[in-house]
Amino acid sequence: MALGSVMHTFTVSLADVDRGVYEDLTLRLARHPSETDAYMMTRLLAYLLEYAEGIAFTDGLSQSDEPAVLVRDLTGRILTWIEVGAPDAERMHLGTRQSERTALYTHRDADKVLARWQGKRIHDVERVVVRSFEPGFIEAAAGLVERRNEATVSVSDHHLYLDLNGTNLASEILEHPTV
């Protein structure tokens, strides 16, 4: 018998001062059996940090031609391709070719992820935004996840403040150059 996805609900109050985004959201995330808690938490934060009209979680792990998160306009055109984890150069090349903007949020060592891209073709690689968090932040946040979650996410001056189920965490949002 195959294992099914585990549903997690997040009630989130988002205040991204850096971008002027203020929203109250209820998000349902299906965690695939092969997806780690750290990956799911990074996927959630990528969604929140990129929040815009037309954003959606995709089937990601089950669809090899889609990233974890996409932003589309009303015509269906891809505006932002948002990867999570440690995608290979070929996948990033696909994203940069299909979207106006491409971002990667990683819970891995960003320098190692970028090193795997060296010498490989990625269209407009200099436009790819690569972000990560301070060591231990994602793991600590992932350890707090329950089936139903209450979260307050605040962003100010490239710092992320997360209150998840009554526990406060903070991290700088680290940005890594791709060239």
When the Karplus curve 6.51 cos²θ - 1.76 cosθ + 1.60 is applied with θ = phi - 60°, which whole-Hz ³J(HN,Hα) does each residue of region 105-117 get, with x for Gly and Pro? 10, 10, 9, 9, 6, 4, 5, 5, 4, 5, 4, 5, 8
Using alpha-carbon coordinates, inclination of helix 37-49 to the longest axis of the chain, degrees: 80 degrees
Compute the FRET efficiency between residue 158 and residue 34 as 1/(1 + (r/R0)^6), taking r as their Cβ-Cβ distance and R0 = 41 Å, and round to the nearest 0.05. 0.85
Quote to one decimal, in nm, the extra length available between residue 9 and residue 100 on full extension: 0.36 nm per residue of separation minus the C-alpha distance between them. 29.8 nm
If one puts a single equal scatterer on every Cα of the chain and applies the Debye formula without solvent, what log₁₀ I(q)/I(0) results at q = 0.10, 0.17, 0.18 Å⁻¹? -0.37, -1.13, -1.27
Report, in deg cm²/dmol and to the nearest 500, the calculated mean residue ellipticity at 222 nm for the chain, where each DSSP H run with n ≥ 4 adds -39500 (n - 2.57) and the sum is divided by the residue count. -5500 deg cm²/dmol
Per-residue Cβ contact counts at 10 Å, fewest first, order 133, 10 as 10, 133
Anyone know which of 33, 67, 135 comes out most mobile in the 10 Å Cα GNM of the chain? 33
Taking the dipole about the Cα centre of region 6-176, with the C-beta of Lys and Arg at +1 and of Asp and Glu at -1, give me whichever of 93, 135, 106 is farthest to the positive side. 93
Farthest toward positive dipole pole in the chain [+1 Lys/Arg, -1 Asp/Glu at C-beta], among 162, 67, 8: 67
Tilt relative to the chain, helix 89-98 - C-alpha long axis, 0 to 90 degrees, to 10: 90 degrees
Give, rounded to the nearest 20 debye, the magnitude of the charge dipole that region 65-179 has about its Cα centre when Lys and Arg contribute +1 at Cβ and Asp and Glu contribute -1 at Cβ. 420 debye
For residue 21, enumerate residues with amide H under 5 Å from its amide H, sequence gap 5+ or separate chain, H modeled in the peptide plane. 16
15 Å reach of a label modelled at residue 179, 7 Å along Cα-to-Cβ, counting backbone N of region 101-133: 102, 118-130
Rounded to the nearest 5, what % of DSSP beta bridges with both residues in the chain are antiparallel? 70 percent
Could you calculate the FRET efficiency of residue 24 with residue 65 from 1/(1 + (r/R0)^6), where r is the beta carbon distance between them and R0 is 30 Å, rounded to 0.05? 0.40
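Just so you know, all these numbers are worked out from the coordinates, no wet-lab data involved. Computed from a prediction, not measured in an experiment: that's the story for all the values here. Positions of Cβ are generated from backbone atoms using ideal geometry, with glycine treated the same way; all protein chains shown enter the neighbour counts.
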